[in-house]
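The values are calculated or read from the model by the stated rules, or taken from the named source; none is laboratory data. Just so it is clear, the structure is predicted and the values come from calculations on it, not from any experiment. Reconstructed Cβ throughout: ideal geometry from the backbone, glycine too, with neighbour counts over all protein chains shown.
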Amino acid sequence: MSQRINRAIVPAAGLGTRMLPATKSQPKEMLPVARKPVVQYVVEELQGAGLDQILVITGRRKRAIEDHFDPDPFLLSSLEQAGNELLLAELSSLQSRARFFYTSQSSPRGLGDAISLGTEFADGQDCVVALGDSLIAGSQPSDPLSAMMRAHVDLKAAAIVAVEEVPAEDTFRYGIVSPASGDLPTGEPIRMKDIIEKPPRGTAPSNLAVAARYVFSPAIFEALPRVFPDRKNEIQLTDGIRLLIQQGLPVYAWLLPPENRRYDVGNFESYFRTFIDFALADERYGYMVRQYIKAKAYEL
Ligand code: UTP
C-alpha cells in the first residue's frame with residue numbers, strides 16, 4: 001500500500017547574489033512579500049497540502065529562517081497580554097502544523113547538491129521539493145501540489161515537475177522540459193521525454209520551464225550522486241531528473257494553471273512584481289494598496 005506523502009524539502013541555501021545588497025545579511029527567502037517573508041508562504045502552501053515534516057536547507061545566513069519558525073514564548077505571551085488574538089492565532093498555527101528540521105549546505109554547489117542533503121530525511125519515502133524563493137499565487141496555493149502528489153502516487157511516478165510557459169527568448173535562463181506529446185493540458189500529468197538545464201538560445205525543445213515545485217520518489221537520491229558537476233562546478237537537479245528519464249523511469253510535467261502561477265524573488269524585477277501582486281491580493285491591506293496605486297498612476 002502506498003504511504004501518504006508528508007515530507008518536504010525547502011532549499012534556501014543559495015547565495016542570492018542577484019538580490020544584493022538586500023541579501024547581504026539575510027537569505028532572499030526571508031525577504032518580505034506583503035506581510036510575510038517569502039519562506040512563510042512556501043511553508044503555508046506545504047502545510048495546506050498536508051506536508052507536516054519540513055526540512056529547510058540553509059546556508060551561511062541561516063539564523064533568520066530558524067528564528068522565524070522557532071516558537072517564541074516571550075513574543076506569544078506579550079501578544080496574549082495585549083489581546084492580539086489574530087496575530088497570536090497566525091503565529092501559533094504556523095508552528096503547530098509542521099515539524100521543522102534544518103541542515104546546512106556548506107557551500108552552494110547547486111540545487112541538486114542541496115536536495116541530496118535531504119537523503120536521510122526522506123528516509124526512502126516519496127517527498128516534495130519546494131524552492132524557498134518561489135511562491136504560488138491564488139486563493140488556494142496548495143492546490144497544484146496536492147494534485148501533483150495524488151497523481152504521483154496514482155502513477156507510481158519517479159518525479160512530477162511543475163512547469164510554466166515562458167517567452168521563447170527567455171528559455172535559456174531555465175530548466176526546459178520536452179513533453180512526450182505535443183500539447184500539455186493544464187493540471188494533468190504529461191510524460192516527459194527530456195529535460196535540459198538552460199538550453200543555449202534557439203535550441204530549447206519547448207517553452208515549458210521548470211517552476212519550483214516537484215514530487216520525487218526515492219530514486220532521485222540515487223540519481224543525484226551520479227550527476228556530473230556543470231561548468232560552474234554545480235550539481236543541477238535538472239540533470240538528476242534527466243538521469244531518471246534516461247533510466248526509463250516515469251517522469252511527468254505538470255503545467256500550473258494561470259490562477260496558480262509561480263512568482264520568484266530571485267531578481268529585483270520579479271521581486272517588485274511579486275510584492276505588488278501579493279500586496280494587492282492581501283485580504284487586510286489590498287484595498288488600500290489598490291487605492292494608492294490608482295492614485296499614483298495619474299502621476300506617472
Ligand atoms: P537560484 O538558482 O536562484 O540561485 O536558486 P541563488 O544562488 O539562490 O541566486 P543567485 O543566482 O546567486 O542570485 C534557486 C533556489 O535554490 C536554492 C536557493 O536558495 C533558491 O531557493 N539553492 C540554490 C540552494 O539551496 N543551494 C544552491 O547551491 C543553489
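What to note about this one:
- Apart from one condition, V129 fits all of (1) in a helix (DSSP H, G or I); (2) of a type in the set (A, V, I, L, M); (3) within 20 Å of the chain's Cα centre (by Cα); the exception is (1).
- Scanning region 115-139 for residues that are under 23 Å from F278 (Cα atoms) and at pLDDT 95 or above yields a total of 9.
- Among the residues of region 123-148, the ones that are surrounded by fewer than 23 Cβ atoms within 10 Å (Cβ to Cβ) and not charged (D, E, K, R) come to 11 in all.
- In this entry, A157 is excluded by the filter for residues that are touching a Phe, Trp or Tyr at 6+ places or on another chain (Cβ under 6 Å) and assigned to a strand (DSSP E or B).
- Evaluating Q81 against the criteria (1) more than 16 Å from the ligand (Cβ to nearest atom); (2) surrounded by 15 or more Cβ atoms within 10 Å (Cβ to Cβ); (3) not hydrophobic (A, V, I, L, M, F, W, C) leaves one unmet condition, (2).
- Checked against (1) modelled with pLDDT of 90 or more; (2) more than 10 Å from the ligand (Cβ to nearest atom); (3) among the polar types (S, T, N, Q), Q105 passes all but a single condition, namely (2).
- Test: residue in region 111-133 that is touching a Gly at 6+ places or on another chain (Cβ under 6 Å), within 11 Å of the ligand (Cβ to nearest atom) and not charged (D, E, K, R): yes
- Some residue of region 272-286 being of a type in the set (S, T, N, Q), part of a helix (DSSP H, G or I) and either under 30 Å from V153 (Cα atoms) or within 16 Å of the ligand (Cβ to nearest atom) (or both): yes
- Scope region 1-20; condition in contact (Cβ under 8 Å) with a residue 60 or more places away in the chain, within 11 Å of the ligand (Cβ to nearest atom) and not in a loop (DSSP other than H, G, I, E, B); matching residues: I9, V10, P11, A12, R18, M19
- The set of residues in region 50-64 that are more than 11 Å from the ligand (Cβ to nearest atom) and under 13 Å from the mean Cα position of the chain (by Cα) comprises I54, L55.
- Here N233 meets the list (1) within 20 Å of R7 (Cα to Cα); (2) in a loop (DSSP other than H, G, I, E, B) almost entirely, failing just condition (1).
- Any hit, region 73-93, residues being of a type in the set (F, W, Y), without any contact (Cβ under 8 Å) to a residue 60 or more places away in the chain and not in a helix (DSSP H, G or I): no
- The sole residue among G240, G248 that is surrounded by 18 or more Cβ atoms within 10 Å (Cβ to Cβ) and either more than 22 Å from G138 (Cα to Cα) or acidic (D, E) (or both) is G240.
- If you check A212, A151 for being more than 18 Å from the chain's Cα centre (by Cα), closer than 24 Å to V43 by Cα and modelled with pLDDT of 95 or more, only one passes: A151.
- Sole exception among (1) of a type in the set (A, V, I, L, M); (2) away from the ligand (no atom under 16 Å from the Cβ); (3) under 21 Å from P141 (Cβ atoms) for M30, by number: (2)
- Tally of residues being surrounded by fewer than 21 Cβ atoms within 10 Å (Cβ to Cβ), assigned to a loop (DSSP other than H, G, I, E, B) and touching a residue at least 12 places away in the same chain (Cβ under 8 Å) across region 206-230: 5
- Residue within region 145-161 that is within 14 Å of the ligand (Cβ to nearest atom) and touching a strand residue (DSSP E or B) at 6+ places or on another chain (Cβ under 6 Å) present: no
- Evaluated against (1) more than 9 Å from the ligand (Cβ to nearest atom); (2) β-branched (V, I, T); (3) not in a strand (DSSP E or B), T23 falls short on exactly one condition, (1).
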